[in-house]
Amino acid sequence: MMTQSPPTWDLSPWCPGIHHSEYAEAYQNCARRLSELESQGQALPMIHQDTRSEWIHWMLDLEATAVELFHLRAFVGGVSSTDASNEKARSETARIASLLAKYQALEGQLEEALGAIEDTVFLRLLSAPECEGAEYRLRRLRDRASRRLSSETERLIGDLAVNGLHAWGRLYNDITGDMTFRVGEQDMPLAWRRSLLQDPEDNTRRDAFESSNAALARQGTILASTLNAIAGTRITVQKWRGTGSVLDEAVAVEGMERRTLDAMLSAVEARRPIAWAYHDLKAQVLGRDKIRFSDLGAPLSVGAPITFTWDEAQRLVLDAFDAYHPSLREFAEEMFNERRIEAEPRTGKRSGAYCTSSKKDRTSRIFMTFRGALGDVVTLAHELGHAYHNAVMSEMRFWACGYPASLAETASILAETLVGDYLLEDPNTSRGLRLQVLDKRLHSAAVYMLNIPMRYEFEKTFYERRLAGPLSVNELCALMSETQQRVYGDGLDPEGTDPWFWASKLHFFLTNISFYNFPYTFGYLFSSGVLAEAKAQGPHEFQPRLEALLKATAAGSVEEVVKGSLGVDLGQPDFWLRSLEKVETDLKAFREAVTP
C-alpha cells in the first residue's frame, strides 16, 4: 500500500510495547536462561569425545538464547531511536547491555574451550550434524581464543564495559539525540543535519553547517571526553591481550587480511584525482574557486529544485529494483506494505539511518528520516538492500549469519546503484534530474574514495596519538582539518573544512566496533564488480548467484568468499582499480553536462 507521507514503523509484531508485560516477561526469561547457561557452563568438563554431546546441547541453547536476546535489543533500539527522550527506552538499553555482556562472556567461555582442544577433537565436533552451518562461526571462535585473555578476565572486561565503554556510547546517543540547532527561525534536531546539507539553498546549507557545528562545539568537551574514553578503553584492552593495535583487531574482526585492506586503499589513493576533478567541476558550477565541506552534498539542478514525495520515492525504488532484480522489488514492496520502515521527519529522533533485524520472526526494520531529497531516496534503497540481505539469510541459523561489515555493504550499495542506473537509462529523466543523479553518484564515489579514507586516516592517527594520552577538543578539530586537507587535496578550500566532523559522526562513537569506515569503501568497490557481472549475465541468470553470494557472506573469510564468487585475489590492486573504471565514465558524462 503506497503512502503519500513518510511512514512510522510498526514494532508491535516484535513486542506490544516497552511498558507491556510481554516485554518484561521476555526480558526476565532471557536473563534467566543466561544465568542457567552460566551455571551449566561452569560445570562442563573439557571438550572431548565423551563430553561432545553435552557441549553441543549447551551450544544450541546458547544460540537459541542469542536469538531471543538480539530480538529484544533490536526492539529496544528501535524504540530508543524514534524517541531519544524516552527514559524507559534509555534504561532498558542499559539493561539489555548487561545481558549482552553475559552472553559475550558465555561466548568467551566457548572460545576458551574450543581453543584448548586438539585439532582432531575440534574437527570431530564440527562434523556433528548439529553444527552444520555454524562451522565458520566455530572456527572464528577458536581462532579468537588465541587473541583473548582467560574467560574470567574477558568476563570482567565485558561486565565493566556495560557501565564503562558502552555507557560512553549511550551518552553520545543521549547528547546528540537531544541536540538541536537553529536554521532561520526554526530549531532543527541534529538528525536533520545531513538532509539540510543537501538543501538546494546555499544560505540554508551554510546556516545548517555553522549552526550544527556551533551546537556540537557547545558540547565539545563532553564529546571529546567520550571519544577519548572509548578509545582509551580499547587501547587498554588490546594492551592486556597483547594482540597488536586497535586497527589490527578491527581487520581481524572483519575476517580480512591486512594486505587486502592495503591493496584496496592504495588503489583508491591512486585514483583520487578522479574525485578531485569532480569536486573542481562542482565548485565551478556553484560559483566557488574551491569546494567547501558545506557544499559537498549540495544538489546541482537545472530549473526548479527537484524533490520527491514519499509515494514517488517508493515507486522509483520499486521500478529500479524490478529492472534488474525482480525478487528485490517484491521484497521491498513487502517492507512498504507491512510498515517496516520508519521515515517520518520529526524532532526527538536520533540521527542517521540503519537496518535492524530479528531472527525470532525473520523480519527487518529500516530507520531513517525522509525529507524528499534525492539522497533520501538513495538512503531508502541502501537500507532496503541491507534488509534484503537479511531476508535471503532468514532461514539460516543465527550462527550462520554473522557476516562482517565489509560484506554487509554488498547488497545495500548495489541497491542504491540500481536507482541511479535506472534514472540515467530512462529517456524520460529530465536534464535537471539526470544532472542530479550524476552528481549524486559522483558524490557517493567521492565519499568512498575520499571521505571514508579520510575517516580511516583520522581514526588511525587518533588511536596512534591516543597512546600518549587524551586529545583535547582543539587537537581533535585540528587533526580532523589536517586530515581533510591532505586527503581532499588542493581543491578543498582551507577555510572550508569541517573540524567538528569527528563529533557529528556516530561511527566514531560506536562501542561494538572500531574503524567502521573502510568496510564501506570495500562494499562500494566490491558491489561495483558484482553489479557489472550481473548486468553482463542478465538479471534472471545472475539473481541465483547473487543470492548464493549473500548467503555465503558468513561462511568464510572475506578473501575466501570473494575468491569463490568472483574468482579474484583481493590482495592485488587489479580488481579494485577495475571497480573504479565506472567512476571515470560518470565523470566524463558529468563534465559534458556542466560544461557550456
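At a glance:
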item: Set 410, 429, 461: member being under 30 Å from residue 10 (Cβ atoms) and of a type in the set (S, T, N, Q); result: 410
item: Hits in segment 14-30 (condition: out of contact with any helix residue (DSSP H, G or I) (no Cβ under 6 Å at 6 or more places or on another chain) and either of a type in the set (Asp, Glu) or exposed (fewer than 15 other Cβ atoms within 10 Å of the Cβ) (or both)); result: 17, 19, 20, 21, 22, 24, 25, 28, 29
item: Yes/no for residue 475 being closer than 30 Å to residue 160 by Cβ and of a type in the set (Asp, Glu); result: yes
item: Lone qualifier among 564, 523 - being surrounded by fewer than 20 Cβ atoms within 10 Å (Cβ to Cβ) and part of a helix (DSSP H, G or I); result: 564
item: Selection within segment 523-552 - modelled with pLDDT of 90 or more and under 29 Å from residue 455 (Cβ atoms); result: 550, 552
item: Any hit, segment 390-398, residues being more than 27 Å from residue 260 (Cα to Cα), over 14 Å from the mean Cα position of the chain (by Cα) and among the aromatic types (Phe, Trp, Tyr); result: yes
item: Options 114, 100, 171, 125; residue that is surrounded by 18 or more Cβ atoms within 10 Å (Cβ to Cβ), closer than 30 Å to residue 506 by Cα and at pLDDT 90 or above; result: 100
item: Failed criterion for residue 56 (all others in (1) out of contact with any Phe, Trp or Tyr (no Cβ under 7 Å at 6 or more places or on another chain); (2) of a type in the set (Val, Ile, Thr); (3) within 19 Å of residue 399 (Cβ to Cβ); (4) not in a helix (DSSP H, G or I) hold); result: (4)
item: Residue match in segment 303-324 (condition: among the aromatic types (Phe, Trp, Tyr), under 24 Å from the mean Cα position of the chain (by Cα), at pLDDT 95 or above and not in a loop (DSSP other than H, G, I, E, B)); result: yes
item: Filter pass, residue 105 being under 28 Å from residue 249 (Cα atoms) and either part of a strand (DSSP E or B) or in contact with an Asp or Glu (Cβ under 6 Å, 6 or more places away or on another chain) (or both); result: no
item: Residues of segment 391-444 that turn out to be under 24 Å from residue 297 (Cβ atoms) and assigned to a loop (DSSP other than H, G, I, E, B), as a count; result: 4
item: Whichever residue in segment 466-490 is surrounded by 15 or more Cβ atoms within 10 Å (Cβ to Cβ) and charged (D, E, K, R) and, among such residues, is farthest from residue 272 (Cα to Cα); result: 466
item: Among the residues listed as 546, 577, 531, 550, the single one being assigned to a helix (DSSP H, G or I) and within 28 Å of residue 291 (Cα to Cα); result: 577
item: Filtered residue count, segment 191-207, keeping only those that are within 17 Å of residue 372 (Cα to Cα) and crowded, with 17+ Cβ neighbours inside 10 Å; result: 10
item: Hey, residue 419 more than 14 Å from the chain's Cα centre (by Cα), crowded, with 24+ Cβ neighbours inside 10 Å, at negative phi and at pLDDT 90 or above or not; result: yes
item: Scan of segment 34-59 for residues that are touching a Ser or Thr at 6+ places or on another chain (Cβ under 7 Å) and surrounded by 18 or more Cβ atoms within 10 Å (Cβ to Cβ), ordered by number; result: 34, 37
item: Residues of segment 191-226 satisfying the condition of being hydroxyl-bearing (Ser, Thr, Tyr), over 23 Å from residue 83 (Cα atoms) and at pLDDT 95 or above; result: 221, 225
item: Failed condition for residue 569, given (1) modelled with pLDDT of 90 or more; (2) of a type in the set (D, E, K, R); (3) assigned to a loop (DSSP other than H, G, I, E, B); result: (1)
item: Failed item, numbered, when residue 156 is tested on (1) assigned to a loop (DSSP other than H, G, I, E, B); (2) free of Cβ contacts under 8 Å to residues at least 12 places away in the same chain; result: (1)
item: Pick from segment 132-148, criterion in a helix (DSSP H, G or I) and among the acidic types (Asp, Glu), ranking: surrounded by the most Cβ atoms within 10 Å (Cβ to Cβ); result: 135
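Yes/no per residue for (1) crowded, with 16+ Cβ neighbours inside 10 Å; (2) farther than 26 Å from residue 438 by Cα; (3) among the charged types (D, E, K, R):
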position	(1), (2), (3)
308	yes, no, no
312	no, no, yes
321	yes, no, no
324	yes, no, no
327	yes, yes, no
332	yes, no, no
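Results for (1) under 23 Å from residue 456 (Cα atoms); (2) out of contact with any Pro (no Cβ under 6 Å at 6 or more places or on another chain), shown as yes or no for each residue.
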site: 173; (1), (2): yes, yes
site: 180; (1), (2): no, no
site: 202; (1), (2): no, yes
site: 215; (1), (2): no, yes
site: 224; (1), (2): yes, yes
site: 234; (1), (2): yes, yes
site: 254; (1), (2): yes, no
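The values are calculated or read from the model by the stated rules, or taken from the named source; none is laboratory data. Computed from a predicted structure; not experimentally measured. Here Cβ is always computed from backbone atoms with ideal geometry, including for glycine, and neighbour counts include all displayed protein chains.
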